[in-house]
Every structure is written in structure tokens, then in C-alpha cells.
1. In the stretch A:48-69, how many residues are facing chain D (nearest Cβ under 8 Å), among the small types (Gly, Ala, Ser) and surrounded by fewer than 24 Cβ atoms within 10 Å (Cβ to Cβ)?
2. Which of the residues spanning the stretch D:233-261 are of a type in the set (Val, Ile, Thr) and out of contact with any Asp or Glu (no Cβ under 7 Å at 6 or more places or on another chain)?
3. Among all residue pairs at least 6 apart or on different chains, which show Cβ distances below 7 Å where the first residue, located in the stretch C:48-59, is closer than 11 Å to residue D:42 by Cα and within 7 Å of another protein chain (Cβ to nearest Cβ) and the second is of a type outside the set (S, T, N, Q) and part of a loop (DSSP other than H, G, I, E, B)?
4. Being over 21 Å from residue D:150 (Cβ atoms) and modelled with pLDDT of 75 or more is true for just one of A:249, A:239. Which residue is that?
5. From A:127, A:120, which residue is assigned to a loop (DSSP other than H, G, I, E, B), without any contact (Cβ under 8 Å) to a residue 12 or more places away in the chain, hydrophobic (A, V, I, L, M, F, W, C) and within 7 Å of another protein chain (Cβ to nearest Cβ)?
6. Right, residue B:77: modelled with pLDDT of 90 or more and either in a loop (DSSP other than H, G, I, E, B) or at the interface with chain A (Cβ under 7 Å from one of its Cβ atoms) (or both) or not?
7. Failed condition for residue C:104, given (1) among the charged types (D, E, K, R); (2) within 26 Å of the chain's Cα centre (by Cα); (3) under 18 Å from residue C:142 (Cβ atoms), with all others met?
Amino acid sequence: MLTIQTPEAVMFWFLAPLSVIAALGMLLVKKAVHSALLLAWVMITLAIFYIAQDALFLGIVQIVVYTGAVMMLFLFILMLVGVDASDSLTETIPGLRPIAITAALGFGGLLVSLIGRAKLGHDAYGLTAANSEGNVQGLAQLLFSTYVWPFEVVSSLLITAALGAMVLAHHQRAVPRATQREQAIARFRGASLGSAAGLPNPGVFARHNAVDVPALLPDGSAAPNSISATLKARGDMLDSAQFELGEVDNTVTEEK
Amino acid sequence: MNPYNYLYVSAILFTIGAVGVVVRRNAIVVFMCVELMLNAANLSFVTFSRINGTLDGQVVAFFTMVVAACEVVVGLAIIVTIYRSRRSASIDDASLLKR
Amino acid sequence: MTDFNENLHIEKKASGQADINSVPFTEVEQPGPASLAQQAKGFWVTFSTMFKKNQTVQYPDVKAPTAPRFHGRHQLNRHPDGLEKCIGCELCAWACPADAILVEGGNNTPGNQMSPGERHGAVYQINYLRCIFCGLCVEACPTRALTMTNQPAHLL
Amino acid sequence: MTTAELLGTDPGWIIAVKAVMVFGICVVATLMAVWTERRVLAKMQLRTGPNRVGPAGLLQSLSDGVKLALKEDIIPAAADKVVFIIAPIIATSMCFMAFAVIPMTGVVNLFGHKTALQLTDLPVGVLYILAVTSIGVYGVVLAGWSSGSTYPLLGGLRSSAQVISYEVAMGLSLVAVFIYASSMSTSDIVASQHQHIWNAVVLFPSFVIYVISMVGETNRAPFDLAEAEGELVGGFHTEYSSLKFALFFLAEYVNIIAVSALATTLFLGGYHALPGLGFTEQWLGGWFTLIWFFAKVNLFFFIFMWLRGSLPRLRYDQFMKFGWKVLIPVSLIWILIVASLRVLQQEGAPRSAILAFAAGVVIIVMAMSSLVERNKEKVRSADLPLGEAPNFPVPSLPNVQSINVSGGK
């Protein structure tokens, strides 16, 4: 027979609302990174729930796998794909949102009322007996006896997924990438020696050496190579003319 | 308090995840909502494992984690591939066959 | 490669002169990855250095002698008869790249003959927060009034 | 009585005292570590290092800390304010949590109560440390993201990729330890090493892999790509100032001490004395084990400094290649070998069979490596395709008709 101690109840009533609020927030915040953070928080509270329910190994693995690896992967992809692309919250399919919320309320209400009415036929047991040899040992016992076939299947699934991800994300090069040495040789053997000594730095002759101010060529025009293509594409390039000094004031004011 | 309360939390989280899948437009956020649903299901597995006094529920939850990891790896690779060709991570932009 | 490089196309040299095209490239031996023993040797260098004598001079406590031609603090000199050498010409101030020197010339009067000739430096200030100790002022001085001592500037 | 049972008898106030002690030890150790690192690195470069504040400069890091705390706290306009503030807090709090399961002494007498200086003993203690450090990385990644600036973002991106890949190698290197100790609890692993021999000896490859990946995990030279000063300004903490920067600083050093402590626990016999010096453990009523523990931790900390003094920073692709193509496969193969040996041992196979297996593995590895070496030689000696001769003018020197630039011919 299972009795739940007060500390666990306190923990539950403290963390459960927090996790639900965080999950709701996940839907409502604009930035995807905030969503990911809130989800990470939900996962951590779930891990605490697991530990409270005598699933120590699963709780720790939840943090290592979900919070540590999966959410980190999400963050990584979010940063790769565009950090500040905040999601537009406008509806693209008219009437989708009210329908979704109504359906969710109905579905959630159904689930909750079902759980409320369901009868198990026996009292809750608790895991004291099952965990008597230790939670990890108990899990290992099951995993390598009853569930050894699913275990193998899942591990092959994992390998397949890793390979699949590699195939999907792999970017085949048509020609091998030039090494630094080959690039150096090509620079000197090319048609022109203009770039043999390297590209001009930003700020050459430009009276300003910030990276967004292009260098000036001897004829006063901007050297296109002196500035990062990213800055150019973003339109963050400054015109160096604005940093030019005006005519030097040579007029001498008479001393009093 | 009885352990059924965990089941209520699980049900609510699952519903929220489902709404997120339908409502949000960013493919990555949609993905995270799927993760939330899987997590919610895991919570009920663990709770039932405790109620029934056997560890089988935890083993299933363990398998769910592995499968979820697979799903994330492949899914994110797909998102990156789509992003490479479309420069967008919105699921509305990926309906090229329709138009 | 790119637009502006195209303009810079350089003609080949006429025949008879040194032509790099006739020179074959020789492959330079690239050192491969270092062996484990060599790596260990590198670690030994840093480890053994720990037990060598420090090269640091504890400067304000221990004053190492400055180099013979050290650019130190400036000094305004006088003639042997006690008159100032500075004539207030401001050439040092003009030469100063850091704009650290302020000179105001003054007229010598019969009761107040500071230097030989008509003018003397009435105000002579060097801002040591700006001074870069390049010594251009010393070179500019026509009368050798301004020289640099061997002492670090901030010690006084 | 095992450590877990011993710790189970702790009253609440002892736990509170130990928590404060763990916190204090971490902070003081950080202050000392910063000073030690600066002094030792200076010695490696024929310098003296900080020696002005306090005796031999001992208070230098304290004064640095006070200075940092008094500086102006700047939050950039482009920053995501909430995340920007949360990030250093996550980074710092998590690395302190890792210390909770590290056994620092054997049985000692604390205020008349018999206990061990370990906050708690989990059956999955080592996994707990992995979990906590993986949350700690959030601090770095979020700091990079929330700064709203390019270089921190690159630093955060690098750091997340780096930690994911090196945590795999780290976790795999720990598996061999679990197999040998047949436990994941830190105190059990220490106890099993006390009975047999240090894991660093039996599981030497695991030990090497762990030491390498712990440097990668803590973002330290030569793997400090997340804050590569030459490339990324300051990396993820470029935009941070004042106390928030101090928190990152603290987190970095506590992290170093934590992974060093874990290495001590898992591979160097934990708080136990060196073999043959076991009698010292009774001196000072068991508190002498704390000295042994910190001596070993300092050994690892010295390795950190030694690496930083000796090696240049790796290029990012080299670093990733090393992690994925060397560390992970090697540790996978090593785990296979360890597991097979362990099974042979437990099945009661004769000693000769075990030896034959080990010898077979050694021969296979050597044959493979010699094959790889020969292939390498082939690649190195292959001729680079000779293209056209260069086409650049050489300034004509006075009285010289032709110039032979390559020196040959």
C-alpha cells in the first residue's frame, strides 16, 4: 500500500502548477529560444517528479538526455537557423485558433474526467518492493531479460537515426575543398597578382578602421573585398566618405 | 494527495503540447511541442509503474526517451535541410507541392 | 578573382630578365605531426622552465639601469653662464606628434634677460600623459635647449 | 558500514553545515586556483606573476573580485534582459551542485558526529554530475545568445557543439569505470578502488580519454574555443561585466575543480592515501584524507595549467575531428574490450584465456595502427601536382641578371 509523505505533496503542489504555467508559456511566447527554455524547465520539473516517484535512474537520465542533449540540440539548431527570427503569431488558417482551443479544452476535459472516474481495481502499490535491489539494478534486470528484444530494436533504430541524420544534413562537395596550401599556390599562379598580398583591411585610406567601413583604393573608390560579405548582405556597410575630414582651416585668427 | 495527481498533470501537459502542434507555425517550436507530448506520456508511464508496483512502466519510458532522441535527430536534420533550400523554418512555407 | 584585381593585371617581364616562370617549384618538406616523444619534449620545456630564474625585474622596488640611449624625461638646459638656452621658438611644439608640448615665448627685457638674444621661453610645459617619448622635439630644437635624460619620466 | 548508510544517519544541521562547507571550499578553492594559475603560468614563462597584494600576491584574486563587484553593470540594449541575467546564475549554481556527491573525506568526526564529508550519496552519483554539468552549459549557450551580439553568439554556438561532443566521450570513458566498480555511486567507486587498485592503472585508456574530454568540457586551453580571445573577442561573455562576469569566472574555476575532483574520485582512488601510506588516514582523526583528496585535485589542476602553458589552441575543425573520430571510437572499442574481459573474469575463465584475449586485442590494435601509419606515409610522399610556374614579377636587383628563388636547379 502506497502512502505519500507530506514533503512530496508540497513538492508536487509547488512544481506542478509551475510546470503547467511554463508549458502554457511555451505556446504564448514569441521567441523560439524562450519556448525552448520553458520546455527545458518543464523537463527538469518532470525529472524531479520521476525522482520523487522512485524512478531515480530515469529522472537523472531525463536530465542528461532531454535537458542536456535534446534541448541543447534544439538551441543549437535555433541559433543555426536564425536567432532572432521571432515567430509571427498571426493565424494563417482562419479560425484555427478558436477551434484548436475548443478541441483542446474538450480533449483535456475528457482525459481529466476519465482519469477521475477510472478505477484500477487495486490500491496503488508503490515501488518499495520492486526497488529493493536498487532502482538501476531492477531496471537492468528487466531490460536485459524481458525487454532485451525491444532494447536491441531500439538501439538499431538509434543507429539508423544517426545515419539518417547524417545523410540528410550532409552536404556533398562536388570538388574537394582547397587546402590553405593550394589556395596560396593558386593565389600566386593566378592571372592577377592583385590579391597575392592579401585583401586590403577595412580602413585603409578610409580614415576609419571599423570593420564596417570599407578600405579605399588609390583612386578613392571603395574596395569591395575589404568588407565581410555578411555585413554587405545585411546592409551594415558604412560609407567611408562621412569620415573624410573637411578642408583644413588654414585661416589664422589674430591673437588678442 | 494520491499518485493520480501526476496523471492529471500529464494529461494537461499532453493537451498543451497538442494545441502547440496545431497552433504554432515555427517548425522547431512545433517539434518542441511534440517533445512535450512525449514527456507527458512518459510521466504517466512512470506514475503507472509506481501505482502497479512494477518497473515495466519505467522501462517503457526509457524506450520512449531513446525513440524521442532518434526523432529529434532526424527531425532537426530535416528542418535544417528545409531551411537550406527555403531560408525559412516556418511550416507554412514547406507546402510547395500544394501550390 | 574580383573586380578590382582585374585592373591590376601586371605584364610579364621581357625575355632576358629574370623570369619566375622558368624556375621550377621545389617541394618544401612539411614537418608531419610530431611524435609522442616530441610532444613530451614540448611539455618538458614548460615544466623545466618553472625551475629557472625569473627574468622579471621588480621595477619600482628594483631599478634596473636604463639603456644608454634611453628616451627618458626631458630637460631644459642652460648655457654655462646661467642663461637659458630656450628661445621660445615653439619648434619642439610643432614637431611633437602627440601635441604634448606647450610653449609661450616671451620678450627679453633689459631688467629680465633670461636667454641670449631677444626671446625666451616664458611658459614651457610638457604633458606627460600625452608624450610618447619619440624624441622629435629634441631633434627639432635649434639651440640644444631641450634634451632627454636617462631617467624614466614618472620617477620624479 | 557503507558511506551511503553513514550519510543516512546525518541530522539536518550536519547536512546544512556540510552544504555551507562545500560552498566555502569551492569559493576559497577558486580564489586560490586563480592565484595559483597565474603564478604557475608566470613561472612557466620566466615571469613572477601577481605578487603585490598580500603576501606573495595571495590576495590578488580577492581584490580582483572586489574590483569586479564594484564595476558598472552593463546590460546591452540589444540583449534579451531576462535570459541575460539568468545565464550566469545557471552557470554558477550548477557547478556548485556537482560538488554535492563528491566524497572528500573518509569517516571523520564533525562536531562530535561521525560522518563523511560528502553532502549526499546517490546510487547514480556520477550520472548526476553529468546531468548537472550538462545543465551548466545552458549558462554559456544562453549567455552567448542573449547578448544580442555576433561574437558571443558564435562562442555560445561553439560551446554547445563542443560540450555535446565531448560529453559523449566523457560518458563513454566513465562506462568502463562503472563496469569495474559495478556501481555508479561515487563513494562505492572509491571503495572499490581501495580494495583493488586505482582505476587509472587498470583503465588507463579511459583515464586518458576522461582527462582529455574534461579539458574540452570545461572550455579550457587548448580547447578554449568558446572564448577564443584571438578569434571571438571574449567569446560568450564578451558583453558581460561586473558581478555577472565574476559569476562566469567563478563558474569556470569551480567547474575545473569539480571535474578534477571527479577525476580524482573515479580514477585516482578518491580521498584515500597513496598505496603504502594508508596509515596517514588515521592522523588528524580522518581529516588527513581531505589533504590527500586536495593533493590529487591539485595534481589535475596542475595538468590544466601545464596544458595551457604548453599547447596552442586547436582549430575548430581539428577539435571536432579529434572528438568524434578519435576519442569516441577509441573509447567505444575500449569499452568492448573491458566488458569482454569482465565477462571472462566473472564466468571464471582460466587466467590463460584472459591473457590470450588481452594479447590478441593488443596484437590487433598494433597491426591496425601500423597499417594506418603506412597509409599515412603513402599520402605524405605522394607528389603534389606541379602546376604552372608562378606568374609574378620579381624586383630586379642591381647587378643581378637572374634570380633563382627556389634555390634549386
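The values are calculated or read from the model by the stated rules, or taken from the named source; none is laboratory data. What you are looking at is a predicted structure, and each value in this text was computed from that prediction instead of being measured. Every residue, glycine as well, gets a Cβ built from its backbone with ideal geometry; the counts of neighbours run over all protein chains shown.
1. Applying the first criterion (facing chain D (nearest Cβ under 8 Å)) to the stretch A:48-69 yields A:56-57, A:60-61, A:63-64, A:67-69.
Pick out the ones that are also among the small types (Gly, Ala, Ser) and you get A:68-69.
Narrowing the set further to residues that are surrounded by fewer than 24 Cβ atoms within 10 Å (Cβ to Cβ) leaves A:69.
Adding up the residues that qualify gives 1.
2. So in the stretch D:233-261, the residues of a type in the set (Val, Ile, Thr) come out as D:233, D:238, D:254, D:256-257, D:259.
Correct list: D:233, D:238, D:254, D:256, D:257.
3. C:49/D:46; C:54/D:46; C:54/D:47; C:55/D:46; C:56/D:47
4. Details: A:249 fails: modelled with pLDDT of 75 or more.
Within the list A:249, A:239, the selection yields A:239.
5. Exactly one of A:127, A:120 is assigned to a loop (DSSP other than H, G, I, E, B), without any contact (Cβ under 8 Å) to a residue 12 or more places away in the chain, hydrophobic (A, V, I, L, M, F, W, C) and within 7 Å of another protein chain (Cβ to nearest Cβ), namely A:120.
6. Working: modelled with pLDDT of 90 or more: no; either in a loop (DSSP other than H, G, I, E, B) or at the interface with chain A (Cβ under 7 Å from one of its Cβ atoms) (or both): yes.
No: the conditions fail for residue B:77.
7. So residue C:104 meets the others, but not (2).
Residues checked against (1) within 16 Å of the chain's Cα centre (by Cα); (2) more than 14 Å from residue D:258 (Cβ to Cβ):
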residue	(1), (2)
D:128	no, no
D:134	yes, no
D:138	no, yes
D:145	no, yes
D:154	no, yes
D:169	yes, yes
D:176	no, yes
D:183	no, yes
